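Novice: Have a look at the structure that comes next, please.
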Amino acid sequence: MLGFVVGRVGILTPIERTAYPRFKRLITAHELHLFFSPTREEAAWAAERMDADGHQLALLLALKSYQRMGRFPKPDKYPEMVVDFARRAVELPEGTTLLWATGRTAERQRTKVRRRVGATYDQARAREIAEESIRKEAAAKNRPADLINIALEKVVEAGLELRRSPPSTRWPRRSAAR
């Protein structure tokens, strides 16, 4: 298997070959504690902002996943083990279900998380950083997956949020076309 997919516009790198942040299929106990344990301050922050246990849990998961991945995964992408771990970590009742906000409420919650971690959502700037880093590294590296990984790193380092859907099929083509 070559590791590339032929698309309408050219050769694309499959997401599996990039470092685009996503939940792993198997998460170790160490990783759960390291990445998904809310601090007391984070738990208090979420409790102050949410009135229902399910909303509090959802806000905490959004915070912890954003800290880890630099983006907000879709609600159905959270592994059950991560949800259960976070629920137990903040001592919410057994059976507490996630209550994800929608529409404007969801955007307000994402804004709260962005403010807490000091990140911004500026896709135009993220694209500029990605394209600049790809152009710079293209002289030394020629594998699209390597270039995408570098671009993703630089975007997160700049404190910018990653797109919900992977940009891996767009950034290299756009940069190569210029």
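Novice: Would you point out the residue of region 51-71, among those that are touching an Asp or Glu at 6+ places or on another chain (Cβ under 8 Å) and not in a helix (DSSP H, G or I), that is modelled with the highest pLDDT?
Specialist: Filtering region 51-71 for residues that are touching an Asp or Glu at 6+ places or on another chain (Cβ under 8 Å) and not in a helix (DSSP H, G or I), the one modelled with the highest pLDDT comes out as Arg71.
Novice: Looking at Leu99 and the list (1) within 18 Å of Met50 (Cα to Cα); (2) open to solvent by less than 60 Å² (accessible area, probe 1.4 Å); (3) aliphatic (A, V, I, L, M); (4) more than 15 Å from the chain's Cα centre (by Cα), which single condition is not satisfied?
Specialist: (2)
Novice: Where residues in region 46-66 are open to solvent by 20 Å² or more (accessible area, probe 1.4 Å) and among the hydrophobic types (A, V, I, L, M, F, W, C), which of them is farthest from Val156 (Cα to Cα)?
Specialist: Among those residues, the one meeting the criterion is Ala52.
Novice: In region 25-45, which residue that is exposed (fewer than 10 other Cβ atoms within 10 Å of the Cβ) and charged (D, E, K, R) is modelled with the lowest pLDDT?
Specialist: Arg25
Novice: Count, please, the residues in region 139-159 that happen to be assigned to a helix (DSSP H, G or I) and open to solvent by less than 60 Å² (accessible area, probe 1.4 Å).
Specialist: Within region 139-159, the subset assigned to a helix (DSSP H, G or I) is 144-157.
Remaining after also requiring open to solvent by less than 60 Å² (accessible area, probe 1.4 Å): 144-152, 155.
Number satisfying all stated conditions: 10.
Novice: Being closer than 24 Å to Glu41 by Cβ and either in contact (Cβ under 8 Å) with a residue 24 or more places away in the chain or surrounded by 15 or more Cβ atoms within 10 Å (Cβ to Cβ) (or both) is the filter here, so list the residues in region 102-138 that pass it.
Specialist: Matches in region 102-138: Ala106, Gln109, Arg110, Lys112, Val113, Arg114, Arg116, Val117, Gly118, Ala119, Thr120, Tyr121.
Novice: One residue is enough: does region 87-94 have a residue meeting the conditions surrounded by fewer than 18 Cβ atoms within 10 Å (Cβ to Cβ), over 24 Å from Thr39 (Cβ atoms) and without any contact (Cβ under 8 Å) to a residue 24 or more places away in the chain?
Specialist: no
The values are calculated or read from the model by the stated rules, or taken from the named source; none is laboratory data. Only a predicted model underlies this, so the values are computations on that prediction, with no experimental measurement involved. Virtual Cβ from ideal backbone geometry, glycine too; neighbours counted across all protein chains shown. Ligands, DNA and RNA are excluded from the accessible area calculation, which covers all protein heavy atoms including side chains. Shrake-Rupley method; radii C 1.70, N 1.55, O 1.52, S 1.80 Å.
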